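The values are calculated or read from the model by the stated rules, or taken from the named source; none is laboratory data. Computed from a prediction, not measured in an experiment: that's the story for all the values here. Positions of Cβ are generated from backbone atoms using ideal geometry, with glycine treated the same way; all protein chains shown enter the neighbour counts.
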Amino acid sequence: MLLAPLGRDSDRSFIEKFCKDIPTILFDSNLEGMGAAFVGSDNASFIEQTVDYLCRSGEPPAFFEMRHPANPNANKRRIAYINKMESLGFEPQVIKVDGRGWGFEEIGRQGAFKLLEQPRLPSRTILCSNDRLAIGFLSACYEKGLRVGLGDDCDLRVASHDDHPFSKFTCPSLTTAAHDYNAVSNRTVETLTQLVEGGGRPNARTETLFPARLILRSSA
């Protein structure tokens, strides 16, 4: 079985029992110690590339995330953001917005409305934890009449992570860091094939992470 766990909503006890009965490879979202192997993206790689670029090209970014993220990858990205900002000599600025569940776009939109009502933003560069939050953030900027982008006439820069299929169609198009989907999917299938050929009993659990790729577009 190839399994992409839900994250915080996963039934860990059920998955643990399932993995003991069925040879399983986890991908995308890791559950520590479960399954024969995990294959996914290196979340630190996402953050290191976006933060480095944003700090070199303008004001250091504030990190925009859900207060109760549904996916554990979000926690890894926040920690990586804090570490990267401190390594560059900047103070991390983490913005937590309310909202639960998987309606990330609306959570991002409502969170942006509250943030934009403040008399002074922590930064004019906003780095969203994922593209779906950023899509909601861009929608709020449009409704508020704020211009997002690189020009001197722009109010904000917005960047994000994941390279969601819609990210290049937002207005402006979204600067982001992309998963190497082909590498992850190919390695996942290869690992499962090796597991099956080995009788379904791995010698030891392995984890394979692939780095992200920075994609520059109009929003930052």
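Here are some notes:
- Subset of the range 181-220 that is touching a residue at least 60 places away in the same chain (Cβ under 8 Å) and β-branched (Val, Ile, Thr) - its residue that is surrounded by the most Cβ atoms within 10 Å (Cβ to Cβ): Thr188
- Single condition Cys154 does not satisfy, out of (1) in contact (Cβ under 8 Å) with a residue 24 or more places away in the chain; (2) over 22 Å from Pro92 (Cβ atoms); (3) surrounded by 16 or more Cβ atoms within 10 Å (Cβ to Cβ): (1)
- In the range 194-204 there is at least one residue that is closer than 20 Å to Gly33 by Cα, modelled with pLDDT under 95 and either basic (Lys, Arg) or part of a strand (DSSP E or B) (or both).
- Entry remark, the range 1-42: residues being within 21 Å of His179 (Cα to Cα) and without any contact (Cβ under 8 Å) to a residue 60 or more places away in the chain number 7 in total.
- Residue list for the range 24-33, filter: over 15 Å from the mean Cα position of the chain (by Cα) and at pLDDT 90 or above: Thr24, Ile25, Leu26
- Listed conditions (1) farther than 23 Å from Gly99 by Cα; (2) of a type outside the set (Lys, Arg); (3) in the same structural domain as Glu65 (by TED's automatic domain parsing) are all met by Thr125, apart from (1).
- Filtered residue count, the range 69-95, keeping only those that are loosely packed, with under 15 Cβ neighbours inside 10 Å and either on the phi > 0 side of the Ramachandran plot or in contact (Cβ under 8 Å) with a residue 40 or more places away in the chain (or both): 1
- Those helices (runs of 4 or more DSSP H) of the range 1-107 in which 3 or more residues are touching a strand residue (DSSP E or B) at 6+ places or on another chain (Cβ under 7 Å) occupy 43-57, 73-87.
- From Leu115, Leu146, residue being part of a helix (DSSP H, G or I), over 21 Å from Asp52 (Cβ atoms) and assigned by TED's automatic domain parsing to the domain that holds Asn75: Leu115
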